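Notes for the one structure printed next.
Just so it is clear, none of the values below were taken in a lab; they were calculated from the coordinates. Remember, predicted model here, so these are calculated numbers, not experimental data. Because the Cβ atoms are built from the backbone with ideal geometry, glycine has one as well, and the counts that use them run over all protein chains shown.
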């Protein structure tokens with residue numbers, strides 16, 4: 001499998017002296033569905049900015065499908081589509097015109113641009129809004145417009161920076177389905193998101209960036225296997241006055257009717273229920289405290305914090 | 001392949017720019033038409049009739065070339081500075097920066113957009129002037145050349161202004177405090193030969209004097225300055241500004257971090 005994207009020792013120091021990227025190296029294979037995660041200010045958007053030529057790097061190299069972004073600029077850029085985090089289209093332009101212009105910027109003649117614009121606007125449910133000024137669209141529609149715009153030149157690599165931020169659950173799910181469909185058609189997708197459930201559901205590989213460095217880069221399955229403890233929230237039938245002592249399990253009483261129990265992955269859950277049964281505690285319902293990836297993510301990021309430091 | 005691709009991209013910017021200034025015609029095309037009509041009525045007809053001849057022509061005929069040139073200057077500059085700054089402000093400039101378009105294509109596209117508006121307004125003002133006087137073109141090539149070069153030069157200047165602008169106030173400062181005085185003192189309403197020697201010499205430092213006079217030469221056949229030297233100076237100045245703008249754009253000054 002060839003590489004869709006290769007970053008080699010990419011660095012960025014802003015004019016104010018902030019070192020946003022401390023030499024990151026990353027390889028994303030063609031056809032992959034890749035998550036780039038990290039806390040706010042970790043360097044995700046700077047990385048995407050460098051790949052999409054919106055930020056000048058301070059060092060290192062970027063290759064897109066084997067084309068160097070500096071030396072083979074046209075060939076490299078034609079293969080990348082970017083959906084940025086913030087709306088960045090002309091608010092007064094019509095939806096259809098935005099797509100036609102974007103296609104033109106990629107050298108696509110007007111006739112073919114119109115066909116593609118129609119295709120992607122229909123696909124993303126915006127065809128009825130084609131004559132509307134973009135500022136008249138709802139937040140969800142604007143997100144979809146940015147996806148349509150990023151696809152109009154049919155890139156092989158699609159980069160989405162927080163594509164579902166502020167989008168309702170129904171729309172988020174339909175966007176997920178659309179992204180899965182694109183990936184199945186062969187497009188390589190790189191996604192940054194704060195919804196870790198999203199990354200876990202969609203992505204096969206994951207890199208975690210923190211303080212300008214890659215702290216994890218592996219496939220999703222291997223990463224989740226590193227999670228050695230899972231925390232469950234139990235809703236109790238009867239109130240308790242204090243947390244019960246359960247051998248080998250870390251227990252915390254959140255309130256009189258809610259227990260939090262950390263269970264090592266090596267122990268069967270049956271042990272928990274046996275121990276609770278012995279104490280005469282009945283459980284009405286149970287859920288994960290957080291998504292598995294979220295739990296792991298927090299640990300990785302916390303491990304990277306300086307002693308005594310926090311966000 | 002690359003040339004045809006860049007051509008499509010260039011045409012896209014030009015079409016987008018023309019679409020923009022036509023869409024907002026009450027802000028872009030109508031005001032200069034009204035302002036210039038007022039100039040023709042007040043300065044040309046009412047006051048001009050008392051002034052008498054200027055440079056061998058009646059006053060209305062004398063000021064028409066200057067007013068046409070003033071419209072071209074203001075509109076080619078204004079189009080680029082407001083449009084390019086607006087793309088920065090709304091961040092839609094990112095649509096171009098992520099694309100494979102070259103910096104030269106982006107710059108040429110905006111210049112062409114500015115020239116299109118400058119010429120469009122120039123034609124409107126010229127047509128309006130025909131209601132007040134009759135015009136004869138003495139040197140058609142010089143007329144076309146100087147009007148084109150002037151539009152290009154001020155479109156580039158508008159682009160550079162937009163690159164450095166950080167807020168909307170910055171877009172208005174240069175036109176108000178630099179461009180307008182230079183234009184009004186650039187021989188639009190008077191022949192600089194009427195000035196005392198010192199002020200005549202000072203006026204010769206004003207580039208607009210050369211543009212207005214060469215254009216007047218094209219239409220009326222008279223000029224206060226050497227036409228060939230003026231054209232050469234405009235070409236050199238335009239070239240210098242073009243390469244400065246291109247350098248700024250390539251470096252990402254004001255648009256990339």
Expected integer from the mean partner chain Cβ neighbour count at 10 Å over B:80-87 is 1
Gyration tensor on Cα atoms of the stretch A:95-136, a ≥ b ≥ c root eigenvalues, a/c under 1.5 rounded, else prolate if a/b beats b/c, else oblate, says oblate
Relative contact order of chain B, defined on C-alpha pairs under 8 angstrom at six or more residues apart (%): 25
Calculate the FRET efficiency for residue B:148 and residue B:33 from the Cβ-Cβ distance with a Förster distance of 22 Å, rounded to the nearest 0.05. 0.55
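Please tell me the relative contact order of the stretch B:80-218 in percent, rounded to the nearest whole number, where contacts are Cα pairs under 8 Å and at least six residues apart.
Working: 100 pairs, mean separation 47.4, N = 139.
Relative CO of the stretch B:80-218 lands at 34 percent.
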Specify the residue with the greatest mean-square fluctuation among B:219, B:128, B:46, computed from a Gaussian network of chain B linking alpha-carbon atoms under 10 Å apart. B:46
How much of the DSSP bridge set in chain A is antiparallel, in percent, rounded to the nearest 5? 70
Mind giving me the nanometre distance, one decimal, between the label points for residue A:40 and residue B:180, set 7 Å out from Cα along Cα→Cβ? 4.3
Could you list the square roots of 5 times each eigenvalue of the Cα gyration tensor of the stretch A:229-303, that is, the equivalent ellipsoid semi-axes, sorted largest first and rounded to whole Å? 22, 14, 11
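What FRET efficiency would be calculated for the residue pair residue A:273, residue A:8, taking the C-beta separation as r and a Förster radius of 45 Å, to the nearest 0.05? Provide the component values of the computation, followed by the final result.
Working: r = 51 Å, r/R0 = 1.14.
Here the calculated transfer efficiency is 0.30.
Grab the Cα-Cα distance for residue A:286 and residue A:61, subtract it from 0.36 nm times how many residues apart they are, and report the gain in nm with one decimal. Please list the in-between numbers first.
Numbers: separation 225, 0.36 × 225 = 81.00 nm, distance 4.84 nm.
Extra length available between residue A:286 and residue A:61 comes to 76.2 nm.
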Which shape class, rounded, prolate or oblate, goes with chain B when its Cα gyration tensor gives a ≥ b ≥ c as root eigenvalues, a/c under 1.5 marks rounded, and past that a/b bigger than b/c marks prolate? prolate
The exposure ranking of A:194, B:134, fewest beta-carbon neighbours within 10 Å first, is B:134, A:194
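Under the rule of -39500 (n - 2.57) per DSSP H run of 4 or more residues, summed and divided by the residues of chain B, what mean residue ellipticity at 222 nm is obtained, to the nearest 500 deg cm²/dmol? Each step should come with its number before you reach the end.
Details: 13 runs with 186 residues, N = 257.
One gets -23500 deg cm²/dmol as the mean residue ellipticity at 222 nm.
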Could you work out the relative contact order of chain A? I mean the mean sequence separation of Cα pairs under 8 Å and 6+ apart, divided by the number of residues, in percent. 19
For each of B:247, A:127, count neighbouring Cβ atoms within 10 Å of the residue's Cβ, then give the residues from fewest to most. B:247, A:127
Looking at chain B as a GNM with Cα springs under 10 Å, which of B:62, B:132, B:189 has the largest mean-square fluctuation? B:132
Per-residue Cβ counts within 10 Å, from other chains only, averaged over A:79-92: what number is that? 4
From the convex hull of the Cα coordinates of the stretch A:15-164, what is the mean projected area in square nanometres? 9.9
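How would you rank A:180-193, B:64-77, highest first, on the average number of other Cβ atoms within 10 Å across their residues?
Put in order of decreasing packing, that is B:64-77, A:180-193.
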Sort the following peptides by mean Cβ neighbour count (other Cβ atoms within 10 Å, averaged over residues), highest first: A:12-19, B:33-40, B:233-240. B:33-40, B:233-240, A:12-19
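Please order B:244, B:25 by the number of other Cβ within 10 Å, starting at the fewest.
Working: B:244 15, B:25 12.
Sorted ascending by nearby Cβ count, the order is B:25, B:244.
Within 10 Å of each Cβ in peptide B:62-74, how many partner chain Cβ atoms are there on average? Round it to a whole number, please. Write down the numbers at each step before the final one.
Numbers: counts 0, 0, 0, 0, 0, 0, 0, 0, 0, 0, 0, 0, 0.
Average per residue, whole number: 0.
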Label point 7 Å beyond Cα of residue A:229 along Cβ direction - residues of the stretch A:253-274 with amide nitrogen under 17 Å: A:253-254, A:259-269, A:272
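How big is D, in µm² s⁻¹, for chain A by Stokes-Einstein at 25 °C and 0.890 mPa s if Rh is the Kirkwood radius over C-alpha pairs?
Values: Rh = 21.8 Å.
In µm²/s, the coefficient is 112.
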If you count the DSSP beta bridges with both ends in the protein assembly as shown, what percent of them are antiparallel, to the nearest 5? 70
Any idea how far apart residue B:19 and residue B:4 come out in nm if each label point goes 7 Å out from Cα toward Cβ? 2.3
Need one word for the stretch B:5-131: rounded, prolate or oblate. Basis is the Cα gyration tensor (sqrt eigenvalues a ≥ b ≥ c); a/c below 1.5 gives rounded, then a/b vs b/c decides. prolate
Running a GNM on chain A with Cα contacts under 10 Å, which residue among A:66, A:280, A:125 ends up with the highest mean-square fluctuation? A:280
Zero-based 10 Å bins, Cα pair distances in the stretch B:65-184, whole percents: 14, 40, 30, 13, 3, 0
Working out 0.36 nm times the residue gap between residue A:25 and residue A:201, then minus their Cα-Cα distance, what length gain in nm do you get to one decimal? 60.9 nm
Express the C-alpha Rg of the protein assembly as shown as a ratio against the empirical globular expectation 2.2 N^0.38 Å, rounded to two decimals. 1.30
Estimated translational D of the stretch B:151-257 in µm²/s (Stokes, Kirkwood radius over Cα pairs; 37 °C; 0.692 mPa s): 214
Can you give the FRET efficiency to the nearest 0.05 for residue B:134 and residue B:204, using r as the Cβ-Cβ distance and R₀ = 25 Å? 0.20
Where in the stretch A:52-80 does the amide nitrogen come within less than 18 Å of the point 7 Å from the Cα of residue B:164, taken along Cα to Cβ? none
